[in-house]
Amino acid sequence: MALQLMALASRRLLIIGGSGFVGARTLVAAARAGYHVSYTYARQPVNLPIEATPFQVAIPEAAEALEKCIAQVQPHTVIYAAVPSPQNASFELHQAVSIDGVRRTLGALAQVSPDALFVYISTNTVFGGGRGLYREDEVTDPTLRRDPYRAYALTKAEGEGLVRRLWPNSIIARTSVVDGRDVHGQLYPRLAGQVARLQAGQPLVRFADRYFSPTLIDNLVEALLEVLEPTFGYRGILHLAGNQRVTDYELALYLARQLELDEKLVQAEQMADSPTMANSPRDSSLDVSFTQSLLRTRLLNVPEQLKHIFL
C-alpha cells in the first residue's frame, strides 16, 4: 500500500474545470488518494480542504493561459470537466468550452505529455432521448433535442468526437444528473431545492414521463479514480452513472421516503402539459451494464444513493 501511494504521489493530475461540482469533488478525492493535483478555474479558485495548484483559464484569453498551465504542470493525466455556466449559455460559449477548449488542451498536451491519459467528462444529453437505456457503443443523436440543453448536447457530442479522433489514450466518461454534496458538505442546489419544499410541506411537482439515470457524486468520483489506475486498461466510452432508470416523479418519491416526509406532497405531471418541456427528450437514461462489467466500483441505485447522502 505504501508503494502504491508513493507511485501515485509522482503522478500529476490536472483537472480542467476543477472549480465545478464534479471537478472539485474529484480533486479532493484524488489528492487524498495520493495524486499531485492541479486545476483550472474561470472566475475564482475554489476553497478546497486539500493542497492543489490553481490556474485561471478564462475566455477570451483561454488559449494562452491553457498552454502555459499545461506546460508548467506537464500532467500524466488530464480530466476535462469544464462546462459553461449556466448550461443554457450561448452556443458560442458552449463551443468555446466543449469543443475549442478540448482541441487546445489536446494540442498543448501533445507538446509536453504525449502519453498522458485524457478523460473527457460527457453527458447522457448527447442522446436524443427517444428510447433510453443507451449503450456506450450507440451513435449519439443530439440534433434530435429541442430543449434548453440542445447547445450543451451538440457541443458535448462534438467534443467526444474530437477526443476519439485525436487522442487514442482517452476515456469518455458519460454521466447523468449528478447530485449529492459538494466539497463543503452542502447539498447540490437542485437537490437542496427539492428537500426544502418537502420539509416546508409544499407540493413538489415532477414529471412522471421523463426518464434518466440519477448519479451520486461520490459514486462517480470513486469510479473515476478507478479508471485512472495504471491497471485499468480499457480505453473508449464508459457510462459512469447510477444503475437505475427512474422518472423525476419516482426520484422525488424516493427522496420523500428517505427523509420520512409526506409522499403525498410529491405530485405527478406530464411533459406535454408543460409549454417549456413539451418537446424535450422523454428518456435519456444510460445502460451501465458494460461499464459495470469493467469496474470494481459498484454503480448504485437510487435508494443507495439517497441513503449515502442523508445518513
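The values are calculated or read from the model by the stated rules, or taken from the named source; none is laboratory data. No experiment lies behind these values; they were computed from the predicted model shown. Backbone-built Cβ (ideal geometry, glycine too); neighbour counts: all protein chains shown. SASA here: full protein model, heavy atoms, side chains in, ligands and nucleic acids out. Shrake-Rupley method; radii C 1.70, N 1.55, O 1.52, S 1.80 Å.
Among residues of segment 29-67 being among the acidic types (Asp, Glu) and loosely packed, with under 15 Cβ neighbours inside 10 Å, the one that is farthest from Gly185 (Cα to Cα) is Glu64.
State which residue is farthest from the chain's Cα centre (by Cα) when the search covers only segment 105-122 and only residues that are β-branched (Val, Ile, Thr) and open to solvent by 10 Å² or more (accessible area, probe 1.4 Å). Once the filter is applied, the top-ranked residue is Val112. Of the residues making up segment 125-148, those that are surrounded by fewer than 22 Cβ atoms within 10 Å (Cβ to Cβ) and farther than 25 Å from Arg235 by Cβ are Gly128, Gly130, Arg131, Gly132, Thr143, Leu144, Arg146, Asp147, Pro148.
Can you find a residue that is of a type in the set (D, E, K, R) and without any contact (Cβ under 8 Å) to a residue 24 or more places away in the chain anywhere in segment 62-74? So far as segment 62-74 goes, yes, one or more of its residues are of a type in the set (D, E, K, R) and without any contact (Cβ under 8 Å) to a residue 24 or more places away in the chain.
Residues are listed down the side, and each one gets a yes or a no for (1) more than 16 Å from Arg298 (Cβ to Cβ); (2) touching a helix residue (DSSP H, G or I) at 6+ places or on another chain (Cβ under 6 Å); (3) part of a strand (DSSP E or B); (4) modelled with pLDDT under 95:
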| residue | (1), (2), (3), (4) |
| --- | --- |
| Leu191 | yes, no, no, no |
| Arg206 | yes, yes, yes, no |
| Asp209 | yes, yes, no, no |
| Asn219 | no, no, no, no |
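Of all the listed residues (Leu93, Leu154), the sole one being modelled with pLDDT of 95 or more and of a type in the set (A, V, I, L, M) is Leu154. Any residue at all in segment 96-104 that is touching a helix residue (DSSP H, G or I) at 6+ places or on another chain (Cβ under 7 Å) and loosely packed, with under 14 Cβ neighbours inside 10 Å? So far as segment 96-104 goes, no, none of its residues is touching a helix residue (DSSP H, G or I) at 6+ places or on another chain (Cβ under 7 Å) and loosely packed, with under 14 Cβ neighbours inside 10 Å.
Just to check your reading of the model, which residue among Gly242, Gly236, Gly201, Gly193 is open to solvent by less than 60 Å² (accessible area, probe 1.4 Å) and without any contact (Cβ under 8 Å) to a residue 12 or more places away in the chain?
Values: Gly242 fails: without any contact (Cβ under 8 Å) to a residue 12 or more places away in the chain; Gly236 fails: without any contact (Cβ under 8 Å) to a residue 12 or more places away in the chain; Gly201 fails: without any contact (Cβ under 8 Å) to a residue 12 or more places away in the chain.
The match here is Gly193.
Considering segment 273-311 alone, what residues qualify as being under 16 Å from Tyr211 (Cα atoms), aliphatic (A, V, I, L, M) and open to solvent by less than 10 Å² (accessible area, probe 1.4 Å)? Leu286, Val302, listed by residue number.
Taking every residue in segment 165-184 that is more than 23 Å from Gln305 (Cβ to Cβ) and open to solvent by 50 Å² or more (accessible area, probe 1.4 Å) and pairing it with any residue that is of a type in the set (A, V, I, L, M, F, W, C) and part of a strand (DSSP E or B), at least 6 positions away or on another chain, yields no pair with a Cβ-Cβ distance below 6 Å.
Among the candidates Val163, Val78, Val83, the residue that is outside any helix (DSSP H, G or I), in contact with a helix residue (DSSP H, G or I) (Cβ under 7 Å, 6 or more places away or on another chain) and within 21 Å of Arg235 (Cα to Cα) is uniquely Val78.
Kindly indicate the residue of segment 204-215 that is open to solvent by 60 Å² or more (accessible area, probe 1.4 Å) and either touching a Ser or Thr at 6+ places or on another chain (Cβ under 9 Å) or of a type in the set (Asp, Glu) (or both) and also farthest from Ser122 (Cα to Cα) among those meeting that condition. Please lay out each step first, then the result.
Of all residues in segment 204-215, those open to solvent by 60 Å² or more (accessible area, probe 1.4 Å) come to 205, 210-211.
Filter once more, so that each one left must be either touching a Ser or Thr at 6+ places or on another chain (Cβ under 9 Å) or of a type in the set (Asp, Glu) (or both): 210-211.
On the way: Arg210: 20, Tyr211: 18 Å.
Only one residue tops the list, namely Arg210.
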